[in-house]
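The values are calculated or read from the model by the stated rules, or taken from the named source; none is laboratory data. Small disclaimer: the values here were computed from a predicted structure and weren't measured. So basically every Cβ, Gly included, is an ideal-geometry build from the backbone, and we count neighbours across all protein chains shown. Side chains included, ligands, DNA and RNA excluded: accessible areas come from the protein's heavy atoms. Shrake-Rupley method; radii C 1.70, N 1.55, O 1.52, S 1.80 Å.
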Amino acid sequence: QVQLVESGGDLVQPGGSLRLSCAASGSIFSIYDMGWYRQAPGKQRELVATVTRGGNTNYATSVVGRFTISRDNAKNTVYLQMNSLKPEDAAVYYCSADVMTTRWSGRLNYWGQGTQVTVSL
């Protein structure tokens, strides 16, 4: 009943920038924490950044100072601005959201299908 759709993945050169978007839709009463995760070939999925509904953020050490996570609660959308991209940032990026579908329900975690980010010459 809740869908997350990522967009914005592309091929960029090292040092370039990219902005990812993830829009949640469906039965949504409120959205709590939202986040971005990534998974490179042959590696485990790792946390990139998270943001609470109040705007508090947390970042993986490897992206501090380069990536910025933000959200627009009115649009049920979370963004990831990525600057100074490195080849090590190449991965499929997934967004996640903790959603309360009705005022009577508990929080459930949802995932998008991912968007490919390639950093190469």
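Residues in region 1-18 that are closer than 23 Å to Val99 by Cβ and either open to solvent by 40 Å² or more (accessible area, probe 1.4 Å) or at pLDDT below 95 (or both): Gln1, Gln3, Val5, Ser7. Screening Ala24 against (1) farther than 19 Å from Val119 by Cβ; (2) open to solvent by less than 30 Å² (accessible area, probe 1.4 Å); (3) under 11 Å from the mean Cα position of the chain (by Cα) leaves a single unmet condition, (3). Please determine whether any residue of region 53-65 is closer than 22 Å to Val5 by Cα, modelled with pLDDT of 95 or more and within 11 Å of the chain's Cα centre (by Cα). No, that holds for no residue.
The lone criterion from (1) more than 24 Å from Gln1 (Cα to Cα); (2) buried (at least 19 other Cβ atoms within 10 Å of the Cβ); (3) not charged (D, E, K, R) left unmet by Thr77 is number (1).
Could you go through region 17-32 and let me know if any residue there is of a type in the set (Val, Ile, Thr), closer than 28 Å to Leu121 by Cβ and not in a strand (DSSP E or B). Scanning region 17-32 turns up no residue that is of a type in the set (Val, Ile, Thr), closer than 28 Å to Leu121 by Cβ and not in a strand (DSSP E or B).
When region 54-99 is filtered for residues that are part of a strand (DSSP E or B) and either basic (Lys, Arg) or closer than 12 Å to Val117 by Cβ (or both), the ones remaining, listed by number, are Phe67, Arg71, Leu80, Met82, Ala91, Val92, Tyr93, Tyr94.
Show the residue pairs that are 6+ apart or on different chains and have beta-carbon atoms under 6 Å apart, the first residue being within region 47-58 and in contact (Cβ under 8 Å) with a residue 24 or more places away in the chain, the second being of a type in the set (D, E, K, R). Filtered contacts from region 47-58: Val48/Arg38; Val51/Arg71. The conditions of being open to solvent by 70 Å² or more (accessible area, probe 1.4 Å) and either hydrophobic (A, V, I, L, M, F, W, C) or outside any strand (DSSP E or B) (or both) are met by Gln44. Looking only at region 47-74, residues that are of a type in the set (A, V, I, L, M) and loosely packed, with under 13 Cβ neighbours inside 10 Å come to 2 in all. In summary, Thr102 fulfils each of the numbered conditions (1) under 14 Å from Gln1 (Cβ atoms); (2) open to solvent by less than 50 Å² (accessible area, probe 1.4 Å); (3) not charged (D, E, K, R) with the single exception of condition (2).
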